[in-house]
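**Student:** Before we start, here is the structure in question, set down as structure tokens.
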Amino acid sequence: MIAKKVLLVGNFGVGKTSLIRRFVLNEFSEDYISTIGVRVSKKVVEYQNETIKLMIWDVAGTNGDEKIPKAYFLGAHAAMFVFDVSREETYLNIDQNLQMVKDLSGLEKITIVGNKKDLLSKEELETVVKEVSIGIDLITSAKEGSNVEDAFMKLTAQTLK
């Protein structure tokens, strides 16, 4: 079995912890508890005939100005940048935030996920996709479980590149 360190990063309140809970435990909670520092979860997945133990680092969200300790990023095999499709401030400066993650982690490709699609209509979602300045890999809903597995499988694929 191969162990791979993956990061979930993004502003506070975008649903990183909820995505992880949905993926690892298949649970969702409406209660918001802010992550302090970092929380590590584990899940074993099968991908292309490989058994991979994902060490999922849930990095505390920031409001953009705060510095995240570089140690969290060391040795990461892949990262997912999560933003909230219903809160413009979480994707307005996505280019700068992504660059910071790339600089800290040394990763070139980062999986981009817009979460909380259950809060918007189809038309509103299409508007958001046009507004975001970079390509979005997936739009998810941790609440409904929509595309969550796909997002983590995309992240798993990144660990093997």
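Each value in this text was obtained by applying a stated rule to the coordinates, not by laboratory testing. No experiment lies behind these values; they were computed from the predicted model shown. Heads up, the Cβs are rebuilt from the backbone with ideal geometry, glycines too, and the neighbour counts pull from every protein chain shown.
**Student:** Could you look through the range 111-127, keep only residues that are of a type outside the set (Ser, Thr, Tyr) and surrounded by fewer than 21 Cβ atoms within 10 Å (Cβ to Cβ), and pick out the one that is farthest from GLY75 (Cα to Cα)? Talk me through it step by step, then tell me what you get.
**Tutor:** Just the residues of the range 111-127 that are of a type outside the set (Ser, Thr, Tyr), to begin with: 112-120, 122-126.
Then drop every residue that is not surrounded by fewer than 21 Cβ atoms within 10 Å (Cβ to Cβ), which leaves 118-120, 122-126.
Details: ASP118: 34, LEU119: 35, LEU120: 36, LYS122: 38, GLU123: 40, GLU124: 37, LEU125: 34, GLU126: 35 Å.
Looking at residues that are of a type outside the set (Ser, Thr, Tyr) and surrounded by fewer than 21 Cβ atoms within 10 Å (Cβ to Cβ), I get GLU123.
**Student:** Kindly state which strands (runs of 3 or more DSSP E) lie completely within the range 5-107 and contain at least 3 residues that are surrounded by fewer than 21 Cβ atoms within 10 Å (Cβ to Cβ). Walk me through how you get there before you give the answer.
**Tutor:** Values: elements: 38-47, 50-59, 78-84.
Of the strands (runs of 3 or more DSSP E) lying wholly inside the range 5-107, those with at least 3 residues that are surrounded by fewer than 21 Cβ atoms within 10 Å (Cβ to Cβ) span 38-47, 50-59.
**Student:** For the range 139-161, enumerate the residues that are of a type in the set (Lys, Arg), closer than 16 Å to LYS16 by Cα and part of a loop (DSSP other than H, G, I, E, B). Before the answer, list the steps.
**Tutor:** Of the range 139-161, the ones of a type in the set (Lys, Arg) are 143, 154, 161.
Narrowing further to those that are closer than 16 Å to LYS16 by Cα: 143, 154.
Residue satisfying the conditions is LYS143 alone.
**Student:** Here are some conditions: (1) touching a helix residue (DSSP H, G or I) at 6+ places or on another chain (Cβ under 7 Å); (2) within 16 Å of MET153 (Cα to Cα); (3) acidic (Asp, Glu). ASP58 meets all but one. Which one does it not meet?
**Tutor:** Every listed condition holds for ASP58 apart from (2).
**Student:** With hydrophobic (A, V, I, L, M, F, W, C) and touching a Pro at 6+ places or on another chain (Cβ under 9 Å) as the only criterion, which of VAL38, VAL24, VAL44, VAL9 stands out? Walk me through how you get there before you give the answer.
**Tutor:** Working: VAL24 fails: touching a Pro at 6+ places or on another chain (Cβ under 9 Å); VAL44 fails: touching a Pro at 6+ places or on another chain (Cβ under 9 Å); VAL9 fails: touching a Pro at 6+ places or on another chain (Cβ under 9 Å).
Answer to the selection: VAL38.
**Student:** Being small (Gly, Ala, Ser), under 25 Å from ASP103 (Cα atoms) and touching a residue at least 40 places away in the same chain (Cβ under 8 Å) narrows it down to one of GLY15, GLY37, so name that one. Spell out the reasoning first.
**Tutor:** On the way: GLY37 fails: touching a residue at least 40 places away in the same chain (Cβ under 8 Å).
Going through GLY15, GLY37 in turn, the sole match is GLY15.
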